[in-house]
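Notes follow the structure.
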Amino acid sequence: DNLEQSYLFSTIARKVREYSEAHPEADIIRLGIGDVTRPLVPAVIDALHAAVEDQAKQETFHGYGDEQGYGFLHEALVGYYKTHGVELATNEIFISDGAKSDLGNILDIFGTDNTVLVPDPVYPTYVDDNVTDGRKIIYGRTSQENGFLGMPDDSVKADIIYICSPNNPTGAAYTREQLKAWVDYAKKNNAVILYDAAYECFITDPALARSIFEVEGARECAIEICSFSKIAGFTGTRCGYTIVPHELEREGMNLNKLWLRRQTTKFNGVPYVVQRAAAAVFTESGMAEIQANLDYYRQNAKVIADALDECGVWYCGGKNSPYIWLRCPGGMKSWEFFDWLLENCGVVGTPGVGFGECGEGYFRLTAFGDAEKTKVAAQRIKAAIQTL
Ligand code: PLP
């Protein structure tokens, strides 16, 4: 599986390189990337500068901080979660250098004899982390019929359940009612849900959950992993956090205490300046400024979704998510459509089959690009599909 993933992205890079060598005049637009493109907002930049100045003065210099993060950032996050009705204790929040690290590191507190349930299609990191450790993986198949939102199956027994909502790659997001079914299933099976909320900031529909802890009972069965990457463009600045509730216990062990032990042993915390920058996201000006960026990406998603609507292509995501997951028109397979889109539109996306078998025949476009280029790409896609 590790090999398959590097194969996906290296194959995309090679195909694009070959195409642009053969067509040097081609104006290629990349709608395949999951990285953000808008710069950090002024409130964050001001906080970064101020924190750098703190480090220059004897009275405000910060050396080692607590491994689990600074109190000011815990307080800011407690306040943020309160806005979606979730009460957290500050020592349930662990600050990290990003969700990807935590997604891998959290497995240190689980034995390798645990069975893991991941959705198909899936964010490849979940699979790779477990392949490396040697855990048994079960794939929960999803499809157009269930809107790419898998629901629990009582015949499947798993100890660790990955849920990513809004989902990468499909853009599909669970309602609170749907998540309640997963929480009930996890409790019945003594399983732990690893809930990846990296894209929660894109949710606008009030029926959808922004945190698993909006669901009753989740505090006894779930860990939430989140990131500043998408909410505030921290993909290069690096900050994330993991929430482990005090109630979460398995086999007589408290998982909050286990995770604290793991972090204090193997981690020395996130830079002071970065944590100051992250806390600035939740100030009044920070919140207003990041919303403007999120709206910019939302508008890109709408431009792509509108173009697909106009030519009758099925998709999910595009709302409450920066990803648009479309069914390849003309019955094309994922890679066939990749080549067709590159040749006919000069647009690069990601073949769905690269995220798992259930992604065959589907394709991912992202809303993180430049607004003008996204408009041009959407027009080209619409015009080309209409000739099919
Ligand atoms: N989780 C999902 C679903 C993602 O798509 C990504 C990044 O694209 C991450 C986690 C990683 O986030 P971070 O930048 O915080 O490591």
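The values are calculated or read from the model by the stated rules, or taken from the named source; none is laboratory data. What you see is a predicted model, and the numbers here were worked out from it, not measured in a lab. Every residue, glycine as well, gets a Cβ built from its backbone with ideal geometry; the counts of neighbours run over all protein chains shown. In case anyone asks, the SASA skips ligands and DNA or RNA and just uses the protein heavy atoms, side chains included. Shrake-Rupley method; radii C 1.70, N 1.55, O 1.52, S 1.80 Å.
Could you say which residue among Phe337, Phe368 is assigned to a helix (DSSP H, G or I), open to solvent by less than 40 Å² (accessible area, probe 1.4 Å) and aromatic (Phe, Trp, Tyr)? Reasoning before the result, please.
Numbers: Phe368 fails: assigned to a helix (DSSP H, G or I).
Exactly one of Phe337, Phe368 is assigned to a helix (DSSP H, G or I), open to solvent by less than 40 Å² (accessible area, probe 1.4 Å) and aromatic (Phe, Trp, Tyr), namely Phe337.
Of all residues being open to solvent by 10 Å² or more (accessible area, probe 1.4 Å) and either more than 16 Å from the ligand (Cβ to nearest atom) or in contact with a Ser or Thr (Cβ under 8 Å, 6 or more places away or on another chain) (or both) in segment 204-214, which is nearest to Leu258 (Cα to Cα)? Just the residue, please.
Checking each candidate, the answer is Phe213.
Which residues, taken from segment 27-45, are at pLDDT 95 or above and either under 30 Å from Asp120 (Cβ atoms) or outside any helix (DSSP H, G or I) (or both)? Before you say what the answer is, go through the steps one by one.
Of all residues in segment 27-45, those at pLDDT 95 or above come to 27-31, 36-45.
Correct list: Asp27, Ile28, Ile29, Arg30, Leu31, Val36, Thr37, Arg38, Pro39, Leu40, Val41.
Can you pull out the residues in segment 91-109 that are over 18 Å from the mean Cα position of the chain (by Cα), open to solvent by 10 Å² or more (accessible area, probe 1.4 Å) and of a type in the set (Asp, Glu)?
Passing the criteria: only Asp108.
Would you check if there is a residue in segment 151-161 being in contact (Cβ under 8 Å) with a residue 12 or more places away in the chain, in a strand (DSSP E or B) and at negative phi?
Of all residues in segment 151-161, those in contact (Cβ under 8 Å) with a residue 12 or more places away in the chain come to 151-154, 156-161.
Narrowing further to those that are in a strand (DSSP E or B): 160-161.
Remaining after also requiring at negative phi: 160-161.
Scanning segment 151-161 turns up at least one residue that is in contact (Cβ under 8 Å) with a residue 12 or more places away in the chain, in a strand (DSSP E or B) and at negative phi.
Of everything in segment 327-362, what is under 17 Å from the mean Cα position of the chain (by Cα) and not polar (S, T, N, Q)? Give them in sequence order.
As a first pass, look at segment 327-362 and keep what is under 17 Å from the mean Cα position of the chain (by Cα): 350, 352, 354-356.
If the condition is that a residue be under 17 Å from the mean Cα position of the chain (by Cα) and not polar (S, T, N, Q), then Gly352, Gly354, Phe355, Gly356 are the ones that fit.
Return the residues of segment 55-90 that are open to solvent by less than 50 Å² (accessible area, probe 1.4 Å) and among the aromatic types (Phe, Trp, Tyr); say none if nothing qualifies.
Tyr70, Tyr80, Tyr81
When you look at His23, is it out of contact with any strand residue (DSSP E or B) (no Cβ under 8 Å at 6 or more places or on another chain) and not small (Gly, Ala, Ser), yes or no? Spell out the reasoning first.
Values: out of contact with any strand residue (DSSP E or B) (no Cβ under 8 Å at 6 or more places or on another chain): yes; not small (Gly, Ala, Ser): yes.
When the stated conditions are applied, His23 passes them.
Has segment 271-292 got any residue that is open to solvent by 40 Å² or more (accessible area, probe 1.4 Å), of a type outside the set (A, V, I, L, M), more than 16 Å from the ligand (Cβ to nearest atom) and farther than 19 Å from Thr83 by Cβ?
yes
Suppose we keep only residues that are in a loop (DSSP other than H, G, I, E, B) and touching a helix residue (DSSP H, G or I) at 6+ places or on another chain (Cβ under 7 Å) within segment 141-150. Which one would you say is nearest to Arg327 (Cα to Cα)? Write out each step before concluding.
Just the residues of segment 141-150 that are in a loop (DSSP other than H, G, I, E, B), to begin with: 142-150.
So of that shortlist, the ones also touching a helix residue (DSSP H, G or I) at 6+ places or on another chain (Cβ under 7 Å) come out as 142-143, 149.
On the way: Thr142: 14, Ser143: 11, Leu149: 15 Å.
So the residue we want is Ser143.
Each row is one residue, and each column tells you yes or no for (1) more than 15 Å from Ala99 (Cβ to Cβ); (2) in a strand (DSSP E or B); (3) within 16 Å of the ligand (Cβ to nearest atom); (4) without any contact (Cβ under 8 Å) to a residue 60 or more places away in the chain.
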| residue | (1), (2), (3), (4) |
| --- | --- |
| Ile225 | no, yes, yes, no |
| Lys230 | no, no, yes, no |
| Thr235 | no, no, yes, no |
| Arg238 | no, no, yes, no |
| Pro245 | yes, no, no, no |
| Asn256 | yes, no, no, no |
| Trp259 | no, no, no, no |
| Arg262 | yes, no, no, no |
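Out of the residues in segment 141-181 that are among the hydroxyl-bearing types (Ser, Thr, Tyr) and surrounded by fewer than 19 Cβ atoms within 10 Å (Cβ to Cβ), state the one that is nearest to the chain's Cα centre (by Cα). Give the steps one after another, and end with the answer.
Within segment 141-181, the subset among the hydroxyl-bearing types (Ser, Thr, Tyr) is 142-143, 155, 162, 165, 170, 174-175.
Cutting the leftovers down to surrounded by fewer than 19 Cβ atoms within 10 Å (Cβ to Cβ) gives us 143, 155, 175.
Details: Ser143: 20, Ser155: 28, Thr175: 17 Å.
Restricting to residues being among the hydroxyl-bearing types (Ser, Thr, Tyr) and surrounded by fewer than 19 Cβ atoms within 10 Å (Cβ to Cβ), the top hit is Thr175.
Consider only pairs whose beta carbons are under 7 Å apart and that are at least six residues apart or on different chains; among these, list those whose first residue lies in segment 72-89 and is without any contact (Cβ under 8 Å) to a residue 12 or more places away in the chain and under 23 Å from Val273 (Cα atoms) and whose second residue is of a type in the set (Val, Ile, Thr) and open to solvent by 20 Å² or more (accessible area, probe 1.4 Å).
Every condition considered, no pair remains.
With the requirement that a residue be under 26 Å from Ala173 (Cα atoms) and basic (Lys, Arg), what does segment 264-320 give you?
Step one: of segment 264-320, the residues under 26 Å from Ala173 (Cα atoms) are 278, 281-282, 286-320.
Once the filter is applied, which keeps residues that are under 26 Å from Ala173 (Cα atoms) and basic (Lys, Arg), segment 264-320 yields Arg298, Lys302, Lys319.
Looking for something closer than 19 Å to Ile231 by Cβ, of a type in the set (Ser, Thr, Tyr), in a strand (DSSP E or B) and within 24 Å of the chain's Cα centre (by Cα) - is there at least one such residue anywhere in segment 293-305?
Within segment 293-305, not a single residue is closer than 19 Å to Ile231 by Cβ, of a type in the set (Ser, Thr, Tyr), in a strand (DSSP E or B) and within 24 Å of the chain's Cα centre (by Cα).
Of all residues in segment 304-334 being in contact with a helix residue (DSSP H, G or I) (Cβ under 9 Å, 6 or more places away or on another chain) and among the acidic types (Asp, Glu), which is least open to solvent (accessible area, probe 1.4 Å)?
Selected residue: Asp306.
If Tyr7 satisfies all but one of (1) farther than 30 Å from Lys136 by Cα; (2) touching a helix residue (DSSP H, G or I) at 6+ places or on another chain (Cβ under 9 Å); (3) open to solvent by 40 Å² or more (accessible area, probe 1.4 Å), what's the number of the condition it fails?
(1)
Got a sec? Which helices (runs of 4 or more DSSP H) wholly within segment 46-140 have at least 1 residues that are within 16 Å of the ligand (Cβ to nearest atom), among the hydrophobic types (A, V, I, L, M, F, W, C) and closer than 30 Å to Lys157 by Cβ? Working first, answer last.
Details: elements: 71-82, 99-105, 124-133.
Once the helices (runs of 4 or more DSSP H) in segment 46-140 are filtered for at least 1 residues that are within 16 Å of the ligand (Cβ to nearest atom), among the hydrophobic types (A, V, I, L, M, F, W, C) and closer than 30 Å to Lys157 by Cβ, what remains is 99-105, 124-133.
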